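The values are calculated or read from the model by the stated rules, or taken from the named source; none is laboratory data. Only a predicted model underlies this, so the values are computations on that prediction, with no experimental measurement involved. Cβ placement follows ideal geometry from the backbone for every residue including glycine, while neighbour counts extend to all protein chains displayed.
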Amino acid sequence: MADLSVEFAGIKSPNPFWLASAPPTDKAYNVERAYEAGWGGVVWKTLGEDPAAVNVSSRYSATYDHNGEVAGFNNIELITDRSLEINLREIEAVKKSWPDRALVVSLMVPCEEEAWKKIVKQVEQTGADGLELNFGCPHGMPERGMGAAVGQVPEYVEMVTRWCKMYSSMPVIVKLTPNITDIRFSAQAAKRGGADAVSLINTINSITGIDLDQMAARPIVDGKSTHGGYCGPAVKPIALNMVSEIARDPETAGLPISGIGGIGNWRDAAEFISLGSGSVQVCTAAMIYGFRIVEEMKSGLSNWMDSKGYEKITDFQGLAIPNTTDWKYLNMNYKVVADIDEDKCIGCGRCYIACEDTSHQAINKTERADGSVAFEVIEDKCVGCNLCQITCPVDQCIKMEQKEADKPYMNWTQDPRNPYKDAS
């Protein structure tokens, strides 16, 4: 059986599955239930200065897929609304009871050296394993000069990170905001400040929808609303890209990454790990389905690793990084063409409609003698865009077959059709 244990930024954990800083990690009761369920670690919900933050009602909204499942989750909740003293006392007690589990504490205080000095020293006394600096919260706190207001300014990221490393011996993880032009700048700043790791992504600024009767965005607070933080399956592609950007950047390559964003099963976790993540954090899936989902996550990842011959997480960690590159380095001579398996085709015509209306008119439609229809790819017109395969409702009915495999590799910087090929 595969070994799922990890050591992330010096923090040991029996498995890579951590609960992210969020409502599920707001108090000892929740955290202990999570550990009992099998989570390898938690990031305690963000602590701040007293008096504690005050939240509103209601707080959450969502978008749904065609099956009625939550596709994206939006929240306007702030950091912990419990006192710092109570949180610190509970953190200390939980860590003593669960010494083998990772316990990282998320922090957010005003951008002042003394404020950070004070709180990191208080957290260090609890025996927690590490700190996560919340530079990503997109709502409420930025209006007070915290959260994303810090994370969007690389100079602030570097400055606060350096303060925390100066006043604490604990590993420091910097949680990055995705609400920025280029995530690499923030990651580089965190590394310059001495960060032991980064975690990403935090939530994305969003309005999930409008109640057309009340003419207000959801969630509604006395007839009004505001933008919130978007998470869940819908943000996973954005998160994977940002993780890969940091993993590929020469200035941050090798910096430990805790992957966050739409992770709901073992496959999601494996994808983040393949792009360099050393641990993964989960929030939305736990809130929707409960803490027991970690059982399937662990067994699924272990079984997959066994099937691939991976004995430990580091055996496949980062293996997808070398295969992720800039567009200009992709092989211009590589060509695939769609191939339709007539035995599996149900004649729905979705591939034909998609290609005929919105793509390259590369599929022929013919009527058989029995009144059924047949679809055939016109190879000379097919550009291998994958649209027909994406729209087909039958698994493996349409495959993309490689053509012209004898041509040598040639990227856009080498292509004679590139008018700037010889530009220095």
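Structural remarks
- ALA286 meets each of the listed conditions (1) under 11 Å from the mean Cα position of the chain (by Cα); (2) within 18 Å of GLY72 (Cβ to Cβ); (3) touching a residue at least 60 places away in the same chain (Cβ under 8 Å) apart from (1).
- Tally of residues being surrounded by fewer than 22 Cβ atoms within 10 Å (Cβ to Cβ) and among the polar types (S, T, N, Q) across the range 147-178: 3
- Unique match (being of a type in the set (Val, Ile, Thr) and touching a Gly at 6+ places or on another chain (Cβ under 8 Å)) among VAL198, VAL174, VAL221: VAL174
- Selection status of ALA338, part of a strand (DSSP E or B) and surrounded by fewer than 16 Cβ atoms within 10 Å (Cβ to Cβ): no
- When residues of the range 167-201 are limited to those that are touching a residue at least 40 places away in the same chain (Cβ under 8 Å) and over 21 Å from the mean Cα position of the chain (by Cα), the one farthest from PHE17 (Cα to Cα): TYR167
- Residue identified as β-branched (Val, Ile, Thr), out of contact with any Gly (no Cβ under 7 Å at 6 or more places or on another chain) and in contact (Cβ under 8 Å) with a residue 60 or more places away in the chain among VAL94, VAL120: VAL94
- Under the condition of being at pLDDT 95 or above, at negative phi, part of a loop (DSSP other than H, G, I, E, B) and surrounded by fewer than 16 Cβ atoms within 10 Å (Cβ to Cβ), the residues counted in the range 344-378 number 5.
- The range 2-21, residues that are on the phi > 0 side of the Ramachandran plot and among the hydrophobic types (A, V, I, L, M, F, W, C): ALA9
A quick yes/no check of all residues on (1) closer than 24 Å to TRP18 by Cβ; (2) in contact with a strand residue (DSSP E or B) (Cβ under 6 Å, 6 or more places away or on another chain):
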site	(1), (2)
SER106	yes, yes
VAL109	yes, no
GLU113	no, no
GLN125	yes, no
VAL160	yes, no
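- Residues in the range 263-281 that are farther than 19 Å from GLY38 by Cα and either outside the structural domain of ALA102 (by TED's automatic domain parsing) or among the aromatic types (Phe, Trp, Tyr) (or both): PHE272 alone.
- Filter result for PHE291 (without any contact (Cβ under 8 Å) to a residue 40 or more places away in the chain, assigned by TED's automatic domain parsing to the domain that holds ILE180, surrounded by 16 or more Cβ atoms within 10 Å (Cβ to Cβ) and among the aromatic types (Phe, Trp, Tyr)): no
- Selection status of SER58, under 23 Å from GLY262 (Cα atoms), polar (S, T, N, Q), assigned by TED's automatic domain parsing to the domain that holds ILE273 and surrounded by fewer than 19 Cβ atoms within 10 Å (Cβ to Cβ): yes
- Residues of the range 291-322 satisfying the condition of being more than 19 Å from the chain's Cα centre (by Cα) and in a loop (DSSP other than H, G, I, E, B): ARG292, GLY309, TYR310, GLU311, PRO322
- Single condition GLN281 does not satisfy, out of (1) under 17 Å from GLN317 (Cβ atoms); (2) touching a Pro at 6+ places or on another chain (Cβ under 9 Å); (3) assigned to a strand (DSSP E or B): (2)
- Filter result for ILE91 (in contact with a Lys or Arg (Cβ under 8 Å, 6 or more places away or on another chain) and either modelled with pLDDT of 95 or more or not aromatic (Phe, Trp, Tyr) (or both)): no
- Hits in the range 228-251 - residues which are buried (at least 22 other Cβ atoms within 10 Å of the Cβ) and of a type in the set (Val, Ile, Thr): VAL235, VAL243, ILE246
- Pairs with Cβ under 8 Å, 6+ apart, first in the range 220-233 and closer than 21 Å to PHE135 by Cβ, second polar (S, T, N, Q) and part of a loop (DSSP other than H, G, I, E, B): GLY228/THR203; GLY228/THR208; GLY229/ASN202; GLY229/THR203; TYR230/THR203; TYR230/THR208; CYS231/THR203
- Search result, residues across the range 179-227 that are among the polar types (S, T, N, Q) and surrounded by 24 or more Cβ atoms within 10 Å (Cβ to Cβ): SER186, SER199, ASN202, THR203
- Meets criteria (in contact with a Lys or Arg (Cβ under 6 Å, 6 or more places away or on another chain) and in contact (Cβ under 8 Å) with a residue 12 or more places away in the chain) for LEU84: no
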